[in-house]
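Contents: one structure, followed by commentary.
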Amino acid sequence: MADKKARLTVDGLDEAIELPVYSGSEGPDVIDVRPLTGNGLFTYDPGFVSTAACESKITYIDGAKGVLLHGGYPIEQLAEKSDYLEVCYLLLNGELPTDEEKDKFVSTIKNHTMVHEQMSHFFNGFRRDAHPMSIMVACVGALSAFYHDSLDINDAHHREVCAYRLIAKMPTLAAMCYKYSIGMPFQYPRNDLNYAENFLHMMFGNPCEEYVPNPILAKAMDKIFLLHADHEQNASTSTVRLAGSSGANPFACIASGVAALWGPAHGGANEAVLTMLEEIGDESNIEEFVAKAKDPNDPFRLMGFGHRVYRNFDPRAKVMKATCDQVLTELGVEDEPLLKIAKRLEQIALEDEYFVARKLYPNVDFYSGIILKAIGIPTSMFTVIFALSRTIGWISHWSEFHSSPNKIGRPRQLYTGPSRRDYSK
Ligand code: SDX
């Protein structure tokens, strides 16, 4: 029910158009513009800067205040007190699990971590030097070739089984991408390890000796998974929702999210940050790169800076920076050259009028790459880790979309091409 009304007067229309205005539990009111089509009008919002595409209860972001809430809980508190699988449960169900519910959920995920043995044959079709994201897009979509028993999108139990399978299998597929790229055998998951420990085991273990996970690295890995879990209607999540609106199966929809995340303006930024820091190479070169980033004629942007929504610090970046310091100190590599360049770059950017005026702050990707590098993960795998982490966000939004009556998404356009003309040659 609309709380308020907006009235739009348009030159050429005799009467003002009345538009319902709705209020959420947090954040800006929204104007329901659907009555515009009855008056022969569309809204125009390239990049959806001012568009609320849906109603959702999962995650709330206040970009001006640098606030991120999952199910109402601040990301800082979840990062300090929770863990990735507990946040997965929260995003899927809207409430934190009881101890009993959590134990059951963790056990269920553990028992879905293997992939069909036929999937291992997929990899042989790829070059060893294929970018792991290209393999992930293929393998995630191909999961729908194996799980015909849970593809009814209108069945809540099927949606739940798909979510569990995806949460459980993404680390296994991600690690397989890495092992394949270095010519080492795939590592089967181990049920005696927790989620992050198991991922590190599948990444760095080998058949010749037992892998003993480093608890510091496992905790940092879990925190990186948690900080990337969900982020409202970002580009890849919006892609998953739109793909889902056609009735496509969940694995195909998640594969579309993997593809959208790959871009350097989005999830590919963490890989691009490391490449940029390595290209800068020394603190003495920072000024030159900052000048390039400010030059309107130079397409170079400072990777890891800026955000469509945050016009303040990305709260995840603050937690990531603290984790970065802790991991590097505990690993005894606190003088990591790239970290020094990153910290100096951040300091310069935060004092520079160009970045201050545009409210460009470090985002979640700015420090994550340095932690991943310290853990021993190659740069090419950074966005794969982001995709692994964000799968829970994608599948939670996909499930929310299908849990209530919905329509296929079909935006319109402002057409500026040729008007009708007859064919004559
Ligand atoms: C993620 O949406 C999400 O929630 C995403 C994400 C998630 O969790 O899902 O948070 C994950 O994608 C984080 C963002 C990762 N991307 C990067 O770090 C790439 C570098 N950042 C930029 O490409 C950019 O900041 C975006 C894409 C993130 C945001 O772009 P917008 O909102 O479209 O902003 P804009 O391009 O309109 O920029 C506004 C101004 C422009 O200058 P003017 O035209 O006003 O002169 O700021 C400038 C831009 O040129 N600008 C930058 C800049 N980012 C914006 N200039 C230099 N370096 C940058 N990084």
Seminar exercise, completed: The residue that is nearest to Pro315 (Cα to Cα), considering only those in segment 358-389 that are more than 9 Å from the ligand (Cβ to nearest atom) and open to solvent by 10 Å² or more (accessible area, probe 1.4 Å), is Tyr361
For this session: For residues that are within 19 Å of Ile370 (Cα to Cα) and either assigned to a helix (DSSP H, G or I) or more than 8 Å from the ligand (Cβ to nearest atom) (or both), scanning just segment 290-317, find the one that is farthest from the chain's Cα centre (by Cα).
Result: Phe313
Problem set entry | Hey, Leu69 more than 16 Å from the ligand (Cβ to nearest atom) and surrounded by 15 or more Cβ atoms within 10 Å (Cβ to Cβ) or not | no
Exercise. Among (1) over 28 Å from Met133 (Cβ atoms); (2) within 16 Å of the ligand (Cβ to nearest atom); (3) modelled with pLDDT of 90 or more, which single condition is Leu350 missing?
Worked result: (3)
Exercise. Just wondering, is there one or more residues in segment 313-331 that are modelled with pLDDT under 90, open to solvent by 60 Å² or more (accessible area, probe 1.4 Å) and either within 30 Å of Ile61 (Cα to Cα) or among the acidic types (Asp, Glu) (or both)?
Worked result: yes
Problem set entry | Where Tyr44 falls short, out of the listed (1) modelled with pLDDT under 95; (2) among the aromatic types (Phe, Trp, Tyr); (3) loosely packed, with under 12 Cβ neighbours inside 10 Å | (1)
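The rows are residues; the columns are (1) within 16 Å of the ligand (Cβ to nearest atom); (2) among the hydroxyl-bearing types (Ser, Thr, Tyr).
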position	(1), (2)
Gly263	yes, no
Gly267	yes, no
Ala272	yes, no
Val319	yes, no
Thr329	no, yes
Asp335	no, no
Leu345	yes, no
Exercise. Do we find that Gly12 is assigned to a loop (DSSP other than H, G, I, E, B), without any contact (Cβ under 8 Å) to a residue 12 or more places away in the chain, open to solvent by less than 90 Å² (accessible area, probe 1.4 Å) and not charged (D, E, K, R) in this structure?
Worked result: yes
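Conditions tested, residue by residue: (1) within 24 Å of the chain's Cα centre (by Cα); (2) more than 16 Å from the ligand (Cβ to nearest atom); (3) modelled with pLDDT of 95 or more; (4) not aromatic (Phe, Trp, Tyr).
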| position | (1), (2), (3), (4) |
| --- | --- |
| Arg190 | no, yes, yes, yes |
| Asn194 | yes, yes, yes, yes |
| Glu197 | yes, yes, yes, yes |
| Glu209 | no, yes, yes, yes |
| Met221 | yes, yes, yes, yes |
| Ile224 | yes, no, yes, yes |
| Leu227 | yes, no, yes, yes |
| Asp230 | yes, no, yes, yes |
| Ser238 | yes, no, yes, yes |
For this session: Please tell me if Asn124 is free of Cβ contacts under 8 Å to residues at least 40 places away in the same chain and among the polar types (S, T, N, Q).
Result: yes
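The values are calculated or read from the model by the stated rules, or taken from the named source; none is laboratory data. What you see is a predicted model; the values in this text were computed from it and never measured. Cβ sites come from the backbone with ideal geometry, for glycine too, and all protein chains shown count toward neighbours. Ligands, DNA and RNA are excluded from the accessible area calculation, which covers all protein heavy atoms including side chains. Shrake-Rupley method; radii C 1.70, N 1.55, O 1.52, S 1.80 Å.
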